[in-house]
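Peer 1: One structure, pasted below without further comment.
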Amino acid sequence: LGSEITFAYTDLDVDQAASNGQQPGRLLALEIAPGQQPLAKSFLQLFWQQQALAGNPASVQQVNGVRILSGRSAGITTASALVGEFVMFASDVSVLRHSFQSAQTAKNLAQSAEYRRQVAELPAERIGLAYFDTHLFLPERAAGEPLGQLPNQDLNSDFTHSDFTHSNFTALNAAAPK
């Protein structure tokens, strides 16, 4: 693995069908370490071979030139793709499709000047960054309504966190002790 791991809770209900309850959208993107792309490809091949041997064959489709494999096992849908330097897993093919579309438009996090400015102000020596799209989790909250600030504080005496809030997102930063 590389240094970036992203988990996204993308939607409360990907299919919006009341008949099957809520089907949340989840995405996991794992950065591939430099020079390890062949190993990542082998990992995905082995994963889907094991699924097929267990009686859960994968379906294959191309989306924006990216090969997506998906299947169901024990009632759970899994979709995967190898995209550039990332192995991606999702709870539904539509989650991967939406992720690819978002990456190609101006409506993605990397395009937010406010987000980039806030991240640039975070300490370089940090363990991670958590981003929360608060309108997804708190739909009743009016856009731009402040969530309140968490104080920069000690977490178990080893790590600190700080946060910033902007219109519809909150980011938490975890830093290692100095």
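Peer 1: For the stretch 55-71, what does the Karplus curve 6.51 cos²θ - 1.76 cosθ + 1.60, with θ = phi - 60°, yield as ³J(HN,Hα) per residue in whole Hz, taken in order and with x for Gly and Pro?
Peer 2: Here the 3J(HN,Hα) series is x, 10, x, 8, 9, 10, 8, 9, 10, 6, x, 9, 7, 10, 10, 8, x Hz.
Peer 1: For the stretch 1-67, what % of the accessible area comes from carbon and sulfur atoms, probe 1.4 Å?
Peer 2: Here carbon and sulfur together make up 55 percent of the probe-accessible area.
Peer 1: Based on the mean of other beta carbon atoms within 10 Å per residue, what is the order of 1-14, 78-91, most packed first?
Peer 2: On the way: 1-14: 14.1, 78-91: 19.7.
Per-residue mean Cβ counts within 10 Å order the peptides as 78-91, 1-14.
Peer 1: Once label points are set 7 Å from the Cα along Cα→Cβ at both I5 and N20, what is their separation, rounded to one decimal in nm?
Peer 2: 2.9
Peer 1: Given Cβ point charges of +1 (Lys, Arg) and -1 (Asp, Glu) and nothing else, what value in debye, to the nearest 20, does the dipole of the stretch 1-117 about its Cα centre take?
Peer 2: Magnitude of the dipole: close to 180 debye.
The values are calculated or read from the model by the stated rules, or taken from the named source; none is laboratory data. Please read all numbers here as calculations on a predicted model, not as lab measurements. Glycine gets a Cβ as well: all are built from the backbone with ideal geometry, and neighbour counts include every protein chain shown. These area figures cover heavy atoms from the full protein model, side chains too; ligands, DNA and RNA do not enter into them. Shrake-Rupley method; radii C 1.70, N 1.55, O 1.52, S 1.80 Å.
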